[in-house]
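**Q** Have a look at this one.
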Amino acid sequence: MSLEEQIRNVEREARQLDTGLEDRRHLASLATTYVDDFIERSKSLRTFVDAPIEHLKKMMPGETGERLEHLLDVIDRDVNLNGINPTTGGHLGYVPGSGIWTSAIADFLAAATNRYSGVSYSSPGAVAMENQMIRWLCNITGYPAKAHGNLTSGGSIANLTALQTARDQSGINSSNIRSSAIYFTEQVHHSVHKAFHTLGLHEAVLRTVPMTDRFRMDATALRAMVANDIRQGLRPFLVIGSAGTTDTGAIDPLDEIADVCEANNIWFHVDGAYGALFILSDELKPKFKGIERSDSVIMDPHKSLFMPYGTGAVLIREGEKLLRTFSHQASYMQDTYGMEDPSPADSGLELTRHFRAMRMWLPLHLHGLNTFRANLLEKVLLCRYFYEQVGALGFETGPAPDLSITRFRFPEQNTNDINQQMMKLLHEDGRCFFSSTMIDGKFWIRCAVLNFRTHLQQIEVALQMVREAREKALKN
Ligand SMILES: *Cc1c(COP(=O)(O)O)cnc(C)c1O
């Protein structure tokens, strides 16, 4: 067989990847019909289901294709009908994600046109869109024009990116790491510790700063610790504050921490993965005073902008420092240099990446900011309502919530056992999903309101579940 014949033979099969117009329409309609149906069904589905996976684990891709109808059945049963369902407003566990539908449309547009958003040269428009989103996030944070950032897959990579910038731009390396000090509270998110290990920062002097009774960093204690460490010959170089901790939703005193950092030339990083985007609400904005004085901040649009998983952001007040940390030259990239708009590949870890700006840009423009502001304020008010009602039922609660996370447990005289049993009963019920945590050795049930489909109706169901589970737990 001639080379040409071989090519033609294999071409027939290869062409199957290029789905034709009729098939595209058919497949797209099957997919959207499924999604429409699933979202409608979700209204009456439990939020948490502990069901077995039947087909998926036995399936491997075969040599010939299968029908989408069959694959959608598997997706429905084995993926979408077990675990936590974030398309219901009953998701009140961890930090709930939701996934607005208009972001999914944007994802479809982004993936089907597959613009390369890593470097400006290959898609100036995609990069301009990303930079525009970064600029908008900088604006709402109160960062200056020189600030820059990167859209990441989430908060963990955003923290890693910020801390690498802090490390490199503060001149921390193997020769001085053991005399360099980092400060945070015990409520800092575990992704920060992961980042420490990735970056070698776990070898620094790690200082746990005490908290005030509302689980906020004690800035007076921080000031004293920094002064003491300087006297001991250490170099304090990084303070990590939280704008909304995962356990309790607490916001550290950002302005006071910024005072300490400015006075001592310390990099101030704010982990706002969960909380920082609440700054969009005018009513809540004052809580974040001082965030604009930080050196870096992270936030998760896949949490507090209700977008699908895989959307995080890191912002660096002096954007130059981000570019200096992450731009590397390579000869095979020579065509791409010298563009006006900074490329995402020069401001983060990834080169090739999902074109994730689209899933932010489209919904923000389609819905307008007021809708997002209203959702954020509503979630905070709903959390306050839950906190008041659950307190009125006689449960011990934490302090009044700063944002949209609160917690409750049977009062002091009871042991952890009854609270664990209560958690189990709530999971078995499943109409809404709560998660739990340990604080100071005590078992707490958490309620985190951040799904765009959570409204007063869902919170009333949640309270009804709590009442019913409480009766059962007390009977046993
Ligand atoms: C969720 C969260 C993170 C981690 O973000 P991912 O998007 O899950 O990687 C970091 N910090 C805080 C405070 C968070 O709530």
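The values are calculated or read from the model by the stated rules, or taken from the named source; none is laboratory data. Bear in mind the structure is a predicted one, so any value in this text is a computation, not a measurement. Cβ placement follows ideal geometry from the backbone for every residue including glycine, while neighbour counts extend to all protein chains displayed. Side chains included, ligands, DNA and RNA excluded: accessible areas come from the protein's heavy atoms. Shrake-Rupley method; radii C 1.70, N 1.55, O 1.52, S 1.80 Å.
**Q** I'd like to check something: does the range 74-84 contain any residue that is within 28 Å of ALA51 (Cα to Cα) and either touching a strand residue (DSSP E or B) at 6+ places or on another chain (Cβ under 6 Å) or of a type in the set (Ser, Thr, Tyr) (or both)?
**A** So far as the range 74-84 goes, yes, one or more of its residues are within 28 Å of ALA51 (Cα to Cα) and either touching a strand residue (DSSP E or B) at 6+ places or on another chain (Cβ under 6 Å) or of a type in the set (Ser, Thr, Tyr) (or both).
Each row is one residue, and each column tells you yes or no for (1) open to solvent by 10 Å² or more (accessible area, probe 1.4 Å); (2) in a loop (DSSP other than H, G, I, E, B).
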residue	(1), (2)
ALA313	no, no
PHE355	yes, yes
ARG359	yes, no
LEU364	yes, no
TYR385	yes, no
GLU388	yes, no
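**Q** Does PRO308 meet the test of being within 13 Å of the ligand (Cβ to nearest atom), at pLDDT 95 or above and open to solvent by 10 Å² or more (accessible area, probe 1.4 Å)? Write out each step before concluding.
**A** Details: within 13 Å of the ligand (Cβ to nearest atom): yes; at pLDDT 95 or above: yes; open to solvent by 10 Å² or more (accessible area, probe 1.4 Å): yes.
Criteria met by PRO308.
**Q** Taking the range 70-101 only, how many residues are open to solvent by less than 20 Å² (accessible area, probe 1.4 Å) and in a strand (DSSP E or B)?
**A** Adding up the residues that qualify gives 1.
**Q** For the range 174-200, what are the residues that are away from the ligand (no atom under 16 Å from the Cβ) and either farther than 15 Å from TRP267 by Cβ or in a helix (DSSP H, G or I) (or both)?
**A** SER174, SER175, ILE177, ARG178, SER179, GLY200
**Q** Further question on the same structure: Give me the pairs: first residue in the range 268-297 and free of Cβ contacts under 8 Å to residues at least 12 places away in the same chain, second residue hydrophobic (A, V, I, L, M, F, W, C) and assigned to a helix (DSSP H, G or I), beta-carbon distance under 7 Å, and six or more apart or on different chains, which are they?
**A** LYS285/ILE279
**Q** Then there is this: Within the range 254-287, work out how many residues are in a loop (DSSP other than H, G, I, E, B) and open to solvent by 70 Å² or more (accessible area, probe 1.4 Å).
**A** The initial filter retains those residues of the range 254-287 that are in a loop (DSSP other than H, G, I, E, B), namely 265-266, 273-275, 281-284.
Next, from what is left, pick out any that are open to solvent by 70 Å² or more (accessible area, probe 1.4 Å): 265, 282-283.
Selection size over the range 254-287: 3.
**Q** Quick check on the range 417-435: of everything there that is in contact with a helix residue (DSSP H, G or I) (Cβ under 6 Å, 6 or more places away or on another chain) and crowded, with 20+ Cβ neighbours inside 10 Å, which residue is farthest from VAL461 (Cα to Cα)?
**A** First pass over the range 417-435, keeping only residues in contact with a helix residue (DSSP H, G or I) (Cβ under 6 Å, 6 or more places away or on another chain): 418, 421-422, 425-426, 429, 431-432, 434.
Those still in the list that are crowded, with 20+ Cβ neighbours inside 10 Å too: 422, 426, 429, 432, 434.
On the way: MET422: 16, LEU426: 12, ASP429: 11, CYS432: 8, PHE434: 12 Å.
Residue satisfying both the conditions and the ranking: MET422.
**Q** Search the range 137-154 for residues being open to solvent by 10 Å² or more (accessible area, probe 1.4 Å) and in a helix (DSSP H, G or I), and hand back the single one that is farthest from the ligand (Cβ to nearest atom).
**A** Result: ASN139.
**Q** What number goes with the only condition from (1) of a type outside the set (Ser, Thr, Tyr); (2) modelled with pLDDT under 95; (3) open to solvent by 70 Å² or more (accessible area, probe 1.4 Å) that ARG67 does not pass?
**A** Among (1) of a type outside the set (Ser, Thr, Tyr); (2) modelled with pLDDT under 95; (3) open to solvent by 70 Å² or more (accessible area, probe 1.4 Å), ARG67 violates only (2).
**Q** May I pose another question? Pick from GLN164, GLN169: which is touching a helix residue (DSSP H, G or I) at 6+ places or on another chain (Cβ under 8 Å), more than 16 Å from the ligand (Cβ to nearest atom), modelled with pLDDT of 95 or more and open to solvent by 10 Å² or more (accessible area, probe 1.4 Å)? Quick ask: steps written out before the conclusion?
**A** On the way: GLN164 fails: more than 16 Å from the ligand (Cβ to nearest atom).
Only one candidate passes the filter, namely GLN169.
**Q** Say whether the condition of being at pLDDT 95 or above, of a type in the set (D, E, K, R), assigned to a helix (DSSP H, G or I) and touching a helix residue (DSSP H, G or I) at 6+ places or on another chain (Cβ under 6 Å) is met by at least one residue in the range 127-136. First the steps, then the outcome.
**A** Narrowing the range 127-136 to residues at pLDDT 95 or above: 127-136.
Of the ones still in play, those that are also of a type in the set (D, E, K, R) are 130, 135.
Pick out the ones that are also assigned to a helix (DSSP H, G or I) and you get 130, 135.
Cutting the leftovers down to touching a helix residue (DSSP H, G or I) at 6+ places or on another chain (Cβ under 6 Å) gives us 130.
Within the range 127-136, one or more residues are at pLDDT 95 or above, of a type in the set (D, E, K, R), assigned to a helix (DSSP H, G or I) and touching a helix residue (DSSP H, G or I) at 6+ places or on another chain (Cβ under 6 Å).
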